[in-house]
Amino acid sequence: MADAIRVVYLNGSVESSGNGTTPEMAVKTLGEAYSLLDADNAMAQNIIVVCGDTAIDLSSTVTLPAKEATITGAYGDTDYEASLAGSDGNGKISLQADTTIENLNFSFGNASQLENKNHKLILKHTGSTPTVAGSDIEVYSGTYVNVYADAPDGDATLRIYGGTISNLAISSNSMNKLNILIAGGTITNVYGGR
């Protein structure tokens, strides 16, 4: 297992990609940032720092490699106040491993979503996000139009410690459990069940 922390800087506003080692040498795309992460690192050791606004084409699904990661808009003493912006389409960002997203703003089209099925997704200090879906979600803060907790292939867990959720939808088949903890935050509507 790798020990070193791998930090990759991402800035979609740069003219061309660098090696990702500093904000001045940032890579241009989220895919490039993931390609530089260590496959053996835990999510706290693989850090993508979004140091400039970055657009993602969501006209179709963007599937990222199965590498645990923390994606953040702040690192060290610097808050880059950056955002990930997606085109207005039916696509989604499909995460394939445990992921933490923190200190980051999102600007996605209403039909687009951030999905992490069968892996942990931790959301801290995010701006407004249209839709989040997964089977193991922790929400600490942020504003979400839709949060879908889904257990199609096994048990699911949803933990809400803070934030604002307009629509919480839960579903599972009759053989799987959906564990929910609500310890804070605001939820306007709850839908679903077995």
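Here are the numbers:
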{"item": "Per-region count, segment 26-41, residues over 24 Å from Ser107 (Cα atoms) and open to solvent by 30 Å² or more (accessible area, probe 1.4 Å)", "result": "4"}
{"item": "Unique residue being touching a Ser or Thr at 6+ places or on another chain (Cβ under 7 Å), assigned to a loop (DSSP other than H, G, I, E, B) and loosely packed, with under 13 Cβ neighbours inside 10 Å when the list is Ala44, Ala4", "result": "Ala44"}
{"item": "Qualifying residue in segment 64-80 (condition: in contact with a Cys (Cβ under 7 Å, 6 or more places away or on another chain), at pLDDT below 95 and on the phi < 0 side of the Ramachandran plot)", "result": "yes"}
{"item": "Single condition Ala55 does not satisfy, out of (1) part of a loop (DSSP other than H, G, I, E, B); (2) open to solvent by 50 Å² or more (accessible area, probe 1.4 Å); (3) among the small types (Gly, Ala, Ser); (4) closer than 20 Å to Leu104 by Cα", "result": "(1)"}
{"item": "Some residue of segment 65-86 being touching a residue at least 60 places away in the same chain (Cβ under 8 Å), open to solvent by less than 10 Å² (accessible area, probe 1.4 Å) and within 29 Å of Arg159 (Cα to Cα)", "result": "yes"}
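The values are calculated or read from the model by the stated rules, or taken from the named source; none is laboratory data. Note that the structure is a prediction, hence the values are computed from the model and not measured. When we count neighbours, we look across all protein chains shown, and the Cβ atoms used for this are built from the backbone with ideal geometry, even at glycine. All accessible areas refer to the heavy atoms of the entire protein, side chains included, with ligands and DNA or RNA removed. Shrake-Rupley method; radii C 1.70, N 1.55, O 1.52, S 1.80 Å.
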